[in-house]
1. Does A:Leu582 meet the test of being closer than 27 Å to A:Gly263 by Cα, at pLDDT below 95 and assigned by TED's automatic domain parsing to the domain that holds A:Ile463?
2. Looking at B:Leu137, B:Leu169 in this structure, which one is over 17 Å from B:Gln58 (Cβ atoms), surrounded by fewer than 15 Cβ atoms within 10 Å (Cβ to Cβ) and either of a type outside the set (Gly, Ala, Ser) or touching a residue at least 12 places away in the same chain (Cβ under 8 Å) (or both)?
3. Restricting to region A:548-593, give me the number of residues that are within 13 Å of A:Pro485 (Cβ to Cβ) and either in contact (Cβ under 8 Å) with a residue 24 or more places away in the chain or charged (D, E, K, R) (or both).
4. What is the residue count in region A:555-577 for residues that are in a loop (DSSP other than H, G, I, E, B) and surrounded by 19 or more Cβ atoms within 10 Å (Cβ to Cβ)?
5. Would you check which residues across region A:379-388 are part of a helix (DSSP H, G or I) and either under 25 Å from A:Leu461 (Cβ atoms) or in contact (Cβ under 8 Å) with a residue 40 or more places away in the chain (or both) and list them?
6. Kindly check whether there is at least one residue in region A:293-306 that is more than 9 Å from chain B (Cβ to nearest Cβ) and on the phi > 0 side of the Ramachandran plot.
7. Please go through (1) within 7 Å of chain A (Cβ to nearest Cβ); (2) closer than 20 Å to A:Asn354 by Cα; (3) touching a residue at least 12 places away in the same chain (Cβ under 8 Å) for B:Ala80 and return the number of the only condition it doesn't satisfy.
8. Of the residues A:Leu211, A:Leu203, A:Leu220, only one is surrounded by fewer than 16 Cβ atoms within 10 Å (Cβ to Cβ) and either within 25 Å of A:Glu405 (Cα to Cα) or within 8 Å of chain B (Cβ to nearest Cβ) (or both); which?
Amino acid sequence: MTLNGWLQIALFFLLILAVTKPLGVFITRVFAREKTFLDPILRPVERLLYRVTGVDETREMGWMEYAVAMLLFSLVSMLLLYAMQRVQGWLPFNPQKLGAVSPGHLAWNTAASFTTNTNWQAYSGETTMSYFTQMAGLAYHNFVSAATGIALAVAFIRGIARRQAETIGNFWVDLVRASLWVLLPFCVVGSLLLVSQGVVQNLRPYDTVKLVEAQKVPHLNADGKPAVGANGQPVMDTVTEQVIAQGPVASQEFIKEWGTNGGGFFNANSAHPFENPTPLSNLLEIFAIAAIGAALTYTLGRMTGSPRHGWALFGAMAALFLAGILVTYWAESQGNPLLHGVEQHASQLQPGGNMEGKEVRFGVANSALFATVTTDTSCGAVNSWHDSFTPLGGMALMINMMLGEVIFGGVGSGMYGMLVFVILTVFIAGLMVGRTPEYLGKKIEGYEVKMSMLFALVFPLIILVLTAISSVKQFGTWAIANPGPHGLSEILYAFTSAAANNGSAFGGLNANTAWYNTAIGFAALGGRFLMKVPMLAIAGSLARKKYVPPSVGTFPVTTPLFSVLLIGVIVILGALTFFPALSLGPILEHLLMNAGKAF
Amino acid sequence: MKKNLITAILMTLATTVLLGIVYPLVVTAAAQLLFHDKANGQLVSRNGKVIGSRILAQPFTGAEYFHPRASAAGTNGYDAANSGGSNYGPTNQKLVDRIQQDVAAAQKENPGHPIPVDYITTSASGLDPDISPANALFQLPRVAAARNTSTDRLELLVKEHIQTRQFGLLGEPRINVLELNLDMDDRYPVKH
């Protein structure tokens, strides 16, 4: 670890701290339908959308109708994405003449994964998806899955803030306002900033360039094995060209981070120099990943009239973020003890550390930071390969996701996930002092706690059951790329990432198989919708309740003590559930690696 | 339910046009106007031929060139239409064996010099355009010998090509391999 590395991490954190209040205030105003400086441009577009789609913007919905509208929209847009992939060969903006995405289970997996804000990628972007599918299918879902998340978080907060109310907002209005105000304008500016750093943005066919130095490479037979000539020498081909994939990358890149989606335009995601060319573009991207999640804590405080409660949540998130980055940065700086004769120490002349699967311009500090932020939130973009991280570095990333993606979290989903933990914390605090728990003037009763537990149980159930099946059945273990305990980590990471709607991967796992495509698709859908519905039920129930003014016996939710208790609940719940699986994967691997064992 | 279903269908179509088609096309137009070279991948030409992108690695294996980091992109590496990494886990025997082999070769090439870690590891994208200054200095004696020039002169050139941290703070110091090699071809051409 270097001083410069920590300074870069501190700079990132300060930027997030600085944006939390202004952006939080802005989001509050957008959903309260107050005036913003963007109204002159966006208001006419908004009205036009309502006219075309038949939405009455003054009508509100109860929680059930809100949930139904959300589910219908997700279903329709998911079907459209599936269809678009299957017919992309006939659609425009396809200079490479890429055919239909096949087999069907790959298209299903991609549709499920992008609709749920997961963006797990079993395909390789530049060899599979036409420019049209990337723009109108994948980047489009980056917008609307994020907007849906924000809408639901705001609906939940309304449930807390309102008193004896039957409605929690109008899903269509929230969706449109999230897309037009919170996402679109920032993406226009952010995309162009990325282009200024070298992220490409064009519709041209792939370029073919003439290499400076022609290369001899082994000639491969049809079976993929190197050919051997009559004299017993390998047959060589001469390569004189390089084909360079292009595309409308920047417009997809920024929303990929701003909406915590994470699906790369290229297979190498944000490690690809065309997606993330400079250290500044890297900072812009990690900032974009965490900004809305952090700002929503302020929105919560403001909408419920208790800004300090918002900061208490921010404090808990910040503490968990710091713990994660400390472990990952430290572990990656140590390098790999199995590599002998290699200089892995940081110096003025090299970043050092575990550089397998990392880029020089980012080094270990920015790779660890990006990896931590992308797993804290449900983003899943990567600028280095998590599969090649040291066992403890990779484990910290997995834990970030296993805690439920609430450390700033996915846009919206992080907020409502955190609020479920808040309800559990208030409940446990109430049990400890023997009083009916209250949360911001609302009594927390059996119904809310039951729904919270449903929310909290669905998640590990999906992960552990599917991991268990995959690690004992041949159709699961067959796909493992790295043997030994690391193989279990690959499977565990995959289902954690899917259920948490993260989408990053231990990429060695060959997940483009019927089993993984189908199972991961369902895990993503379960992790999204089986958790959203109970969450909306809580919102509806809270909205109906009477306001109870706080008394001396009320456990305050604005203090550092509350933040500590909240962290405790999150960590204990996560640790109890996942520790056994982690001990068989990364922990075992760490011990064996230090004993000098490879597999 | 029925009304919401109709709205869902119409909303999907309307927002697809706005966010999925209009938005990226507007950004493309603006990017092409404002940052034409960068929006198109910073292609580099020499003698009238396009020879690569400034920010993507291409393979160099001759002794007279600085080599980029190892690549696992595509079948033969450096496939700029199929990016990716090795995805080897830290305890994978294949990784340990590969590194052992490369370390042995490197020690033969430049005995007694510590081997910088980015010299023997694959990059994440397989297209990492940069190497660390330590990596370039490690390769220096080989390149100087192949070009029949002094290491001191070449070292000056290498040092000219070090890109420092952005704003003195961000990222890591690095050297763009393609730029260095092209500049070297101009200033210290290979003597045949």
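1. Details: closer than 27 Å to A:Gly263 by Cα: yes; at pLDDT below 95: no; assigned by TED's automatic domain parsing to the domain that holds A:Ile463: yes.
So A:Leu582 fails the test.
2. Numbers: B:Leu137 fails: surrounded by fewer than 15 Cβ atoms within 10 Å (Cβ to Cβ).
None of the others qualify; the one that does is B:Leu169.
3. Residues in region A:548-593 being within 13 Å of A:Pro485 (Cβ to Cβ) and either in contact (Cβ under 8 Å) with a residue 24 or more places away in the chain or charged (D, E, K, R) (or both): 11 in total.
4. Looking only at that region, the number is 2.
5. Of region A:379-388, the ones part of a helix (DSSP H, G or I) are A:386-388.
Of everything in region A:379-388, those that are part of a helix (DSSP H, G or I) and either under 25 Å from A:Leu461 (Cβ atoms) or in contact (Cβ under 8 Å) with a residue 40 or more places away in the chain (or both) turn out to be A:His386, A:Asp387.
6. Narrowing region A:293-306 to residues more than 9 Å from chain B (Cβ to nearest Cβ): A:293-306.
Remaining after also requiring on the phi > 0 side of the Ramachandran plot: A:305.
The answer is yes, given that some residue of region A:293-306 is more than 9 Å from chain B (Cβ to nearest Cβ) and on the phi > 0 side of the Ramachandran plot.
7. Only one criterion in (1) within 7 Å of chain A (Cβ to nearest Cβ); (2) closer than 20 Å to A:Asn354 by Cα; (3) touching a residue at least 12 places away in the same chain (Cβ under 8 Å) is unmet by B:Ala80, namely (2).
8. Values: A:Leu211 fails: surrounded by fewer than 16 Cβ atoms within 10 Å (Cβ to Cβ); A:Leu203 fails: surrounded by fewer than 16 Cβ atoms within 10 Å (Cβ to Cβ).
Exactly one residue qualifies, and that residue is A:Leu220.
The values are calculated or read from the model by the stated rules, or taken from the named source; none is laboratory data. Every value quoted in this text rests on a predicted model; they were computed, and no experiment measured them. Because the Cβ atoms are built from the backbone with ideal geometry, glycine has one as well, and the counts that use them run over all protein chains shown.
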